[in-house]
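The values are calculated or read from the model by the stated rules, or taken from the named source; none is laboratory data. Just so we're clear, the structure is a prediction, and the values are computed from it rather than from any experiment. Note: ideal-geometry Cβ built from the backbone for every residue, glycine included; neighbour counts use all protein chains shown. Calculation scope for accessible area: heavy atoms of the full protein, side chains included, ligands and nucleic acids excluded. Shrake-Rupley method; radii C 1.70, N 1.55, O 1.52, S 1.80 Å.
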Amino acid sequence: MGSTQTATFGGGCFWCVEAAFKELDGISEVTSGYAGGETENPTYEQVCSGNTGHAEVVQVEYDPAVVGYDELLDVFFAVHDPTQLNRQGPDVGTQYRSIVLFHDDEQERQASAYIEALDEEYDDDVVTELVPLETFYEAEEYHQDYFEKNPNDAYCQFHASPKVEKVREKFADKLAN
């Protein structure tokens with residue numbers, strides 16, 4: 001891989017979003033964590049309480065020569081519903097909100113334009129937050145690669161597997177070998 005860049009997204013449970021991004025070629029690492037809130041070094045239990053302001057997010061290290069930020073946006077918005085406020089599927093609370101945390105002006109520009117165009121495609125308003133990344137806190141080790149380590153987990157079967165399959169079908173030309 002060449003020089004990598006970083007992108008950060010939250011669209012519901014981080015297990016599902018992490019599993020979807022791990023399918024793509026040009027991705028060197030996907031890390032589950034927390035961002036967008038006020039509490040320093042939050043724990044999973046604190047974030048689940050909804051009182052930290054943090055969202056469950058994934059940080060994606062990618063090679064822009066292989067996969068562009070615009071393609072990451074395509075995948076992100078394909079695997080969650082950006083019109084659901086503070087929820088995705090069975091997961092309810094601000095920690096499951098749709099959020100793009102940009103790392104630089106170019107990411108902000110691209111994500112803003114994408115969200116604006118996407119808003120035209122939906123009957124309901126797109127509620128995805130677009131904010132600068134201030135601090136990313138890595139989630140506990142047992143959350144990392146959760147789908148990969150627990151493919152038979154009921155939550156993974158009902159929620160992560162369909163997202164992974166969607167990526168495999170819709171983005172077949174972008175998959176890692």
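For n ≥ 4 DSSP H runs only, could you compute -39500 (n - 2.57) per run for the chain, divide by its residues and tell me the 222 nm figure to the nearest 500? Working shown, then result.
Details: 6 runs with 54 residues, N = 177.
Calculated mean residue ellipticity at 222 nm is -8500 deg cm²/dmol.
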**Report entry** Under 17 Å from the V92 label point (7 Å along Cα→beta-carbon), backbone N, region 36-68
**Finding:** 48-51
Query raised in the report: Looking only at region 7-43, which residues have a backbone nitrogen under 15 Å from a spot 7 Å from the Cα of F158 in the C-beta direction?
Result: 13, 16
**Report entry** Cα convex hull of the chain - mean projected area over all directions, nm²
**Finding:** 9.8
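How many percent of DSSP beta bridges within region 5-171 run antiparallel, rounded to 5? Kindly include the intermediate steps, with their values, before the conclusion.
Numbers: 21 of 25 bridges.
The antiparallel proportion sits near 85 percent.
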Report summary line: Distance in nm between E129 and T39 label points, each 7 Å along Cα→Cβ, equals 1.4
Query raised in the report: How about region 43-93: which chymotrypsin sites (Phe, Trp or Tyr not before Pro) there are in a DSSP loop, with at most 14 other Cβ atoms within 10 Å of their Cβ?
Result: none
Query raised in the report: Are there GluC sites (Glu not before Pro) in region 94-177 that DSSP marks as loop and that have at most 15 other Cβ atoms within 10 Å, and which are they?
Result: E134, E140
Query raised in the report: With every protein chain present, what accessible area does I27 have (1.4 Å probe, heavy atoms only), rounded to the nearest 10 Å²?
Result: 30
Report task. Collect residues whose amide H, placed 1.01 Å from N in the peptide plane, falls under 5 Å from the amide H of V57; neighbours closer than 5 in sequence don't count. Result -> G33, Y34, A35
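Give me the number: length gained by fully extending A172 to D70, i.e. 0.36 nm times residue separation minus the C-alpha to C-alpha distance, one decimal in nm.
Values: separation 102, 0.36 × 102 = 36.72 nm, distance 1.62 nm.
Length gained, A172 through D70: 35.1 nm.
Evaluate E = 1/(1 + (r/R0)^6) for E116 and E141, where r is the Cβ-Cβ distance and R0 equals 35 Å; express this FRET efficiency to the nearest 0.05. Before the final figure, lay out the partial values.
On the way: r = 38 Å, r/R0 = 1.08.
So, using R0 = 35 Å, E works out to roughly 0.40.
Can you give me the relative contact order of the chain as a percent, contacts being Cα pairs under 8 Å and 6 or more apart? Intermediate values should be presented prior to the final figure.
On the way: 349 pairs, mean separation 57.9, N = 177.
Value for the chain: 33 percent.
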Query raised in the report: How much solvent-accessible surface does K174 expose, in Å² to the nearest 10, with a 1.4 Å probe and all protein chains in place?
Result: 60
Query raised in the report: Protein chains only, probe 1.4 Å: how do C48, C156 rank by accessible area, largest first?
Result: C48, C156
